[in-house]
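Let me begin by presenting the structure, written as structure tokens, before commenting on it.
The values are calculated or read from the model by the stated rules, or taken from the named source; none is laboratory data. Worth saying up front: this structure is predicted, and the values here are computed from it rather than measured. Because the Cβ atoms are built from the backbone with ideal geometry, glycine has one as well, and the counts that use them run over all protein chains shown. These area figures cover heavy atoms from the full protein model, side chains too; ligands, DNA and RNA do not enter into them. Shrake-Rupley method; radii C 1.70, N 1.55, O 1.52, S 1.80 Å.
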Amino acid sequence: MVILAVHGGAGGDGPWRGMTDADPQRLNCMRLLLSDLGARLNNGELSALEAVTQAVEAMEDEALFNAGRGSVLDASGAITMDASIMRGEDQAAGAVVGVSKARHPIRIAHQLLEEGWPVMLNGEAADAYGVAKGLEAVEPEWLVTELRRAQWAKWKANKSAPGSTDEDDEAMLDHDGMGTVGAVALDRKGRLAAATSTGGMTGKPDGRIGDTPIIGAGTWADKDVAVSCTGVGEAFIRTCAARSLAAYHTSESLLESGQRVLDEVAPYGGRGGLIAVNASGEVIVPFQTMLMYRGTYVNGAIEVGIGPQTYD
Ligand code: ASP
């Protein structure tokens, strides 16, 4: 039994309004990576940890997701990215905050996990650590896309709150500001891992840190369960969302635990979703928003979805 599940962010209000022109490309990215990495998990070539790392790297490279190239712009118009990763069997973890020169922030987090200490680095020091370890660095400008510039300009013109422009002009802005990415996996040896990466929220204030790089909030993995969250990060931090799911799952079903976490973040403005897999081979992808980009590979069967429907 092997499982790989991914998300590409949750968001939006009201009923599902159908795909935008850019959505097929997002689905295609998820299908391709699930088929490639799923098969390699299945034949034992990849560990759960390497599978979630490569899944997130593939989504960081897809400019239509809000991670790596194509991340959203902060209040000053710059990109600062957060990422974290955790290995279930020994709860080893790595995280980076506010990096701006890495092609793959998740690979720096992975490197920290492998080295074991420290767990978390921020800003220029995290970027420099990546370079020192031979990981790919890019010009900050390379990370910026026209779509994100347009979203930022609109946010600026409206003097909006961070992330609040979601969905109000799909023709130009697509699913604005969403697209945090994450992955959870169960490998052939029964090992679990989780990873999450994001540019945060459009117009976020300088220095703002969401839940994504915070172990226990946006990402968690232990021997029983692996979790990656997406949504308004502050509420996921305030409820220790990902770790709470693991705690509830000691006495409740995976689905009940996931639903309980989403119910808990809701009163704090924390609309969003999550993906989780357990050691028994169950996988859930609940969300309370209009949509959550998501995909699963379960023993060779691939399913992807955005709104309420899923597709083969
Ligand atoms: N959780 C991310 C953050 O708050 C954003 C998202 O998932 O959409 O930075």
Query raised in the report: Of Lys101/Lys223; Lys133/Lys189; Lys101/Lys159; Lys159/Lys204, which sit over 23 Å apart, Cα to Cα?
Result: Lys101/Lys223; Lys133/Lys189; Lys101/Lys159
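Tally up the carbon and sulfur contribution to the accessible surface of the chain as a whole percent, 1.4 Å probe, everything protein left in place.
Details: 5970 of 11690 Å².
Using a 1.4 Å probe with all protein chains present, the chain comes out at 51 percent carbon and sulfur.
Could you work out the Kirkwood radius for the chain, taking every pair of different alpha carbons, averaging 1/r and inverting it, reported in Å? Please report the intermediate quantities before stating the final value.
On the way: mean 1/r = 0.0542 Å⁻¹.
Kirkwood hydrodynamic radius for the chain: 18.5 Å.
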Query raised in the report: Per residue, how many Å² of accessible area does the chain show with a 1.4 Å probe?
Result: 37 Å²
Query raised in the report: For region 231-298, what log10 I(q)/I(0) values come out of the Debye formula at q = 0.12, 0.19, 0.25 1/Å, with one point per alpha carbon and no solvent?
Result: -0.28, -0.70, -1.12
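Go through Trp155, Trp142, Trp117, Trp16 and list them by solvent-accessible area, largest first, probe radius 1.4 Å.
On the way: Trp155 30, Trp142 105, Trp117 205, Trp16 60 Å².
My answer, sorted largest first, is Trp117, Trp142, Trp16, Trp155.
Per 0.36 nm of contour for each residue apart, how much would the distance between Trp16 and Glu136 grow if the chain were fully extended, relative to their Cα-Cα spacing?
Details: separation 120, 0.36 × 120 = 43.20 nm, distance 3.79 nm.
Gain on stretching Trp16 to Glu136: 39.4 nm.
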Query raised in the report: For region 1-132, what number results from the quotient of the Cα radius of gyration and 2.2 N^0.38 Å?
Result: 1.13
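For a Förster distance of 22 Å, can you work out the FRET efficiency between the beta-carbons of Arg188 and Asp312, rounded to the nearest 0.05? Working shown, then result.
Numbers: r = 24 Å, r/R0 = 1.09.
Efficiency, rounded to the nearest 0.05: 0.40.
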